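For reference, the structure discussed in these notes is given below.
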Amino acid sequence: MYISSKYWFTCIILYFHVVESSHFRGGFISWKPAENNQIEINYRVAFQRSTYNHMCDENIIDNGTLISGEGTLQCLKGCMGSITTMSYYCTDFSDTEKWTTGTNSIKYNLPTSSDNLYQFGFTSCCWITLVEGGSTWMMRTTADLNKRKDTGKINSSPISAMQPIVRFNYGCDYTLKIPVSDDDGDVIRCRWSTKTPNDECGGVCQALNGSHLDESSCVLSYNATSSLGWYAVALQIEDFQKSSDTVPLSSVPLQFLVVVARSSESCASRPILPPNIITDGSIHHIPVNTIFNESIVARSGGEKLRVTAIDTVSPIGMIKSELFPYETSGREWFVTVTWKPTKNQIGTHLFCFTAVDNMGQSSDQTCATLVVDDHVVSQVTENPESDAVIVLNPSCSAFKTPEKVRNKCIEAVAAVPPLFYLESSCPSHFIQCNELGVGYIMPCAPGTEWCQQKLTCDRVGSCKS
């Protein structure tokens, strides 16, 4: 669908001025208004982890190390020149798929323009041999910065997230839900990026032949029975004030890779994500400067299979634990994620995760919306009364008085602000409560214990000190 330029205030594209970018793995660009006639441009990029300048590990994430990116963000219309280099903070990496992904943002002062039209840009050359399409990547973001008639405020673009590499087994049917969120509550649609009239995707336009995109639900369906190999997916995510509107308020790109490979396992043997506190589509409000701590459990798709990784796409500063066995089934593993958002992270973030097994099969992606609120909760008392502690049996596997747990959880989540984590009588375990008042016994990682003051598992002995 072509949108006439007269409707648009800002166009954003990214340009990577790199001769060889054989390790680019896709990305996403969004924007939102800032103060003093500025816009805040947020971008996520992904690269091959095996390359020296994109190597990421837990220490780099913990230390908040800024990694030199490739290329620059360029202004193409309404202004001139480079806006910023594409440096980023690594947030996640995958040992299995060998990718690194990270994010960053830049605030930009818009110069005066006679027609209020601006364009910014990005291209990259990806030397992966694709089954369909060429090797040049391009992403284009378009934004209307005029005040909306319905709210009197400037619009904010939708946001999205995706694993840089999505793995499909040959011969299997897949339904891939594209996660989207919009602060304005607008109607969101997804469409394929197009080459004309304005190049939104370079050589990777509509490069997954045979797939079907439901534009209203943002669901991509694909029967992996074509050729084996790598495919690129280039989408535009657009927001509309009303479902009957045909001109979007903004258009943002999401691009990633799909690899189709043979597997000796059946289509039904992929890992699954059993019900966790973080479920697909769930929304979690987190007061700024408080700790968000959740465990993610994954289950293998067969008795002889095992989960080897839970890959995440996270906001800056989120820490993921090592992978540990969960309970005694032999088929379940878990990680714990911990995040303390800062003031400059107030707003909406998407958090996604996927389980991977020893055969390289991956689960469906689960994505939740994390909303960082601009208020601070009071700290939990350092000396909780004994009746605030939920008593477990000697093996820490069951509640001693199950009838009391529901009442305590209901009381905790109904508090202002709500409390979703409670202390148990076993230092190695804590209780997670959901919005329905259901309590779950959750283990801390080996070598750590629950600290109610911090609302997280910490190394043994550190809580008391």
- Query: Lys340: which lysines have alpha carbons under 16 Å from its alpha carbon, excluding same-chain residues fewer than 8 sequence positions away?
  - Reply: Lys320, Lys454
- Message: Can you give the FRET efficiency to the nearest 0.05 for Glu35 and Ile83, using r as the Cβ-Cβ distance and R₀ = 25 Å?
- Response: 0.90
- Of every hundred units of 1.4 Å-probe accessible area on the range 22-373, the number belonging to carbon and sulfur atoms, as a percent, is 47 percent
- Item | Sparse-neighbourhood loop sites, trypsin sites (Lys or Arg not before Pro) in the range 281-316 - DSSP loop, at most 13 other Cβ within 10 angstrom | Lys304
- Taking a probe of 1.4 Å, how large is the accessible area per residue of the range 136-289, in Å²? 40 Å²
- Quick one: Karplus J couplings for the range 313-327, per residue in order, coefficients 6.51, -1.76, 1.60, θ = phi - 60°, nearest Hz, x for Gly and Pro? 10, 10, x, 4, x, 6, 10, 10, 6, 5, 8, 10, x, 10, 6
- Each residue of the range 88-96 in turn: what ³J(HN,Hα) in whole Hz from Karplus with 6.51, -1.76, 1.60 and θ = phi - 60°, glycine and Pro shown as x? 8, 9, 5, 10, 7, 8, 10, 5, 5
- Note on the structure: Sparse-neighbourhood loop hits (trypsin sites (Lys or Arg not before Pro), the range 401-465; DSSP loop; Cβ within 10 Å at most 12 others) -> Lys464
- Message: Tell me the accessible surface of His429 in square angstrom (1.4 angstrom probe, heavy atoms of protein chains only), to the nearest ten.
- Response: 40 Å²
- Fully extended contour minus Cα-Cα distance, from Asn407 to Glu58, at 0.36 nm per residue: 121.8 nm
- Karplus-derived 3J(HN,Hα), 6.51/-1.76/1.60, for each residue of the range 268-284, Hz, glycine and proline x: 8, 9, 5, x, 10, 10, x, x, 10, 4, 8, 10, 5, x, 6, 10, 10
- Task: Leaving out ligands and nucleic acids, note down the accessible area per residue over the range 390-464 with a 1.4 angstrom probe, in whole Å².
- Result: 52 Å²
- Note on the structure: Long-range amide H partners of Phe292, meaning residues 5 or more apart or on another chain whose placed amide H is closer than 5 Å, are Trp339, Lys340
- Query: Share of the range 390-464's accessible area from carbon and sulfur, percent, 1.4 Å?
  - Reply: 60 percent
- Message: Whole angstrom only: what separates the Cα centroid of the range 386-442 from the Cα centroid of the range 199-228?
- Response: 45 Å
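The values are calculated or read from the model by the stated rules, or taken from the named source; none is laboratory data. Just so we're clear, the structure is a prediction, and the values are computed from it rather than from any experiment. Neighbour counts run over all protein chains shown; Cβ positions are idealised from the backbone, glycine included. Side chains are part of the model used for accessible areas, which takes the heavy atoms of the whole protein and leaves out ligands, DNA and RNA. Shrake-Rupley method; radii C 1.70, N 1.55, O 1.52, S 1.80 Å.
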